[in-house]
1. What ranking do 89, 117 get, fewest neighbouring Cβ atoms within 10 angstrom at the top?
2. List, in order, the whole-Hz ³J(HN,Hα) value for each residue of segment 21-30 obtained from phi through the Karplus relation with A = 6.51, B = -1.76, C = 1.60 and θ = phi - 60°; use x for Gly and Pro.
3. Give the long-range amide H neighbours of residue 105: residues separated by 5 or more places, or on another chain, with amide H under 5 Å away, using H modelled in the peptide plane at 1.01 Å from N.
4. Testing the spin-label approximation: label points 7 Å from Cα along Cα→Cβ at residue 114 and residue 91. State their distance in nm.
5. Counting other beta carbons within 10 Å of each residue's own, what order do 98, 116 fall into, fewest first?
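Where a number appears in this text, it was derived from the coordinates with a stated rule and is not lab data. All values derive from a computational prediction rather than experimental measurement. Every residue, glycine among them, receives a Cβ derived from its backbone with ideal geometry; neighbour counts consider all protein chains shown.
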Amino acid sequence: MWGNSKKGKVGKIQTLIGHGTEIKGDISFASGLHLDGSIEGNLLAAEGAQGVVIISEQGQVSGDVHVPYLILNGTVNGDVHVSERIELHQKARVNGNVYYNLMEMSVGAEINGNMVHKKPLQSPRLEHDKDKKTKAETSISAKPAS
């Protein structure tokens, strides 16, 4: 999906919302979603999911979008929160703020709001790692010779 040079696996598209379909309410999903219709509500990827949303030129969201991966060629009227990567194609329109880690933006795409770069979340140290000391944390004490 992101080309051969990209690492990591992105979920397969399992949900299709067709052209002419209108949904009112929040949508939560775990894998992939392709939107050709319109959603009046928030679009939320499940916690820890590698969900991708593809919003085509006809697709429209009136609400916030919270996903790891977004490919946008349609319109979002709301804030966009992308934890991994966002691609904004030529017809992409965002009327709201975009919070992103990595962004690719084509000529013609519009963001009518702020762009805020967010670093990816670092994984916390595991409990068993907290007891281990690194070389920098290890101190050596020596008794003076008598």
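1. On the way: 89 18, 117 10.
Placing the least packed residue first, the sequence is 117, 89.
2. Karplus-based 3J(HN,Hα) across segment 21-30 equals 8, 10, 10, 10, x, 6, 10, 10, 9, 10 Hz.
3. 88
4. 3.1 nm
5. Numbers: 98 23, 116 11.
Final ranking by Cβ density, sparse to dense: 116, 98.
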